[in-house]
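I have placed the structure first, in the form of structure tokens, so that the comments after it can refer back to it.
The values are calculated or read from the model by the stated rules, or taken from the named source; none is laboratory data. Computed from a predicted structure; not experimentally measured. Cβ placement follows ideal geometry from the backbone for every residue including glycine, while neighbour counts extend to all protein chains displayed.
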Amino acid sequence: MTKSQKIHLTRIIVAGCIFAVLMILEHTGTLPEIPATGYNWLGLGLFLIPYIIIAYDVIAAAGRNIKRGQVFDENFLMLVATIGAFVVSEFSEGVAVMLFYQVGELFQNIAVNRSRESIKELMDITPEYANIEVDGKITQVDPDDVEIGSTIVVKPGEKIPLDGVVIKGESMVDTSSLTGESVPRKMKAGDEVISGCVNQNSTLYIQTTKDFDDSTVSKILELVENAGSKKANAEKFVTKFAKYYTPIVVFGALAFFLIPSLITGDWLEWLQRACTFLVVSCPCALVISIPMGFFGGIGVASRQGILIKGGNYLEAAAGLDTVVFDKTGTLTQGVFKITEIAPMPGVTENMLLETAAYAEQMSNHPIAESIKAAHMEAGGVISLDLLTETQEVSGHGIEAVLKGEKVLAGNAKLMNKHGIVFTEKESAGTICYVAKEGKFMGHIIISDVIKPEAKEAIADLKATGVKQTVMLTGDRKAAGEAVAAELGLDKVYTDLLPADKVTKVEELLEAQDEKGKLAFVGDGINDTPVLARSDIGFAMGGIGSDAAIEAADIVIMDDDIRKIAKTKRISRYTLRIIKQNITIALVVKIGIIILSILGIANMWIAVFGDVGVAVICILNAMRILSKRKKY
């Protein structure tokens, strides 16, 4: 409990004790009774003591808002209602209304603070300093002052202050605050690390790759801090609702008081009913519980490693019925590996792989890198002295001279160009044909590895009610269709350029149901236009480019696409709770308003209709947080 909340609680206790004493004295006949004629000024003076203790901040807030021209708010409603109770000599009811109102306010503050715990925990990832080794001594500096390319030292138990690459050391790193993963990751030389994670057991030496302002932790904090600025439709409705609702209630209560009083002449009776009407009409339950529901949903998602940039995107996720995926880096790992080595008779696998590795030695293409890596893993050694000439033929492959012999490594076009006799193969992967001195040596198939969780993610999405899963890729038809078939996708479009992806997404948007929402999931710079065009853009935060993360509406920090379905479940549960709160608040309030018009409900019942319903709605909204382990 914060200091201000403790002061608030103390005021409630003091005012409550004084009020209880006065109530006892009143019911035992110790206090003077209301005179037959005139006004009970003594009773007013006594009950004003607890009233001022408990209501001075409400009076001050109402006064400030009136000066600013913002007359009609809940402070004004409570002030008018309680003053009305004092006018009709209902002193105990006037104090009770304000006392229970303040109890409700305290409860709301505590509940809102609890709903922000996940955000506060996320804010704790901010590193306070960075260690730089100067002349053999460790010096602490501000992370903002560390330049790209600097070497920082991260000791066990310290937060990693900047993004970079491990150049020395090996340690377990806790990434839970960013990705939601409970199991630490092992980091060693050559591994990329991101800021905000906690080094656990050994010292790491890291070469920085980004400034602090561009680091992962800075971008995450910026996303979280700006999340509240993008309100969901329900939140916007409540804001507008309160703006027009409150003056309507005030003027309605005034009419409710004046018209019957002029007809019956019973001014005090109708004033009391009008005050009861004002108390129960206070929109606290809706104004507090609905934004709190969205805040709770965003907070729960952040603890799962899902950063949602606003309540509007959380709300939209509930209606997700079409999910469009980029292939490389999203459904696949973006890491090419050799899946087949097929040498011709008289040629060994090692001979074929070595020849291809020499040919690809000067290329930095992903296919070339995978062939060179496989050759090294097999214990192969490259002597560049043996390689006297290499030439990359665009769209075909590599022509090289190895030990004085001409080597070709590339696609079928390269083989046909040089008149090589070979058998063309069909494969979902990329085929590299190899020939030496005019003779075909065999082929190597390189494939992008499908993420192990991808198939489960697609099935999980369909279980949540997603009607259509689509893949867009620039790969060949055979490769794209093979991945789609293995994962159980509904549609696949291949051989697409970035502009073609935007066109396909627009076609899908036009074809889908009006109430349905389309999400695009991508990770690269070329996905940025599509992320911006879709109803909801999901970016992979771990391997995703900065541009993709910036353009996306929701960021998955650990690249686990199973969390798309989890986002939809969090959204649906959040909206379900919010709809329950709206129903509870409206049904109870309308019922008590009718009773107050008929003269059946008194101000005590009105207190329940306001404070009691607000507390019920807040408790209901807090279920979003308590369910975080079950999404």
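Rundown of residues vs (1) at pLDDT below 90; (2) among the acidic types (Asp, Glu); (3) under 44 Å from the mean Cα position of the chain (by Cα); (4) buried (at least 19 other Cβ atoms within 10 Å of the Cβ), yes/no style:
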position: Lys337; (1), (2), (3), (4): yes, no, yes, no
position: Pro345; (1), (2), (3), (4): no, no, no, no
position: Val381; (1), (2), (3), (4): yes, no, no, no
position: Leu384; (1), (2), (3), (4): yes, no, no, no
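Please work out which residue is modelled with the highest pLDDT, limiting yourself to segment 85-95 and to residues that are surrounded by fewer than 22 Cβ atoms within 10 Å (Cβ to Cβ) and among the small types (Gly, Ala, Ser). Within segment 85-95, the match that is modelled with the highest pLDDT is Ser92. Number of residues in segment 445-484 that are over 18 Å from Gln333 (Cβ atoms), out of contact with any helix residue (DSSP H, G or I) (no Cβ under 6 Å at 6 or more places or on another chain) and not acidic (Asp, Glu) equals 11. When restricted to residues that are in a helix (DSSP H, G or I) and either charged (D, E, K, R) or free of Cβ contacts under 8 Å to residues at least 40 places away in the same chain (or both), segment 587-611 contains 9.
Within segment 548-570, the set of residues being closer than 18 Å to Ala316 by Cα, in contact (Cβ under 8 Å) with a residue 60 or more places away in the chain and in a helix (DSSP H, G or I) comprises Lys563, Ile564, Ala565, Lys566, Thr567, Lys568, Arg569, Ile570. Given the criteria acidic (Asp, Glu) and farther than 27 Å from Phe538 by Cβ, does Glu437 qualify? Yes; evaluated as a whole, the condition is true for this residue. Being modelled with pLDDT of 80 or more and closer than 27 Å to Gly299 by Cα holds for only one residue in Ile125, Ile160, Ile138, and it is Ile160.
Among the residues of segment 331-384, those that are in a helix (DSSP H, G or I) and of a type in the set (Gly, Ala, Ser) comprise Ala356, Ala357, Ala359, Ala368, Ser370, Ala373, Ala374. Considering segment 551-587, and only residues there that are at pLDDT below 85 and buried (at least 17 other Cβ atoms within 10 Å of the Cβ), the residue that is farthest from Ile306 (Cα to Cα) turns out to be Ala585. On the basis of being of a type in the set (A, V, I, L, M, F, W, C), surrounded by 24 or more Cβ atoms within 10 Å (Cβ to Cβ) and part of a helix (DSSP H, G or I), does Ala316 make the cut? Spelling it out, it is not the case that Ala316 is of a type in the set (A, V, I, L, M, F, W, C), surrounded by 24 or more Cβ atoms within 10 Å (Cβ to Cβ) and part of a helix (DSSP H, G or I).
Do the conditions hold for Asp321, that is, is it at pLDDT below 90, outside the structural domain of His396 (by TED's automatic domain parsing) and not aliphatic (A, V, I, L, M)? Criteria not met by Asp321.
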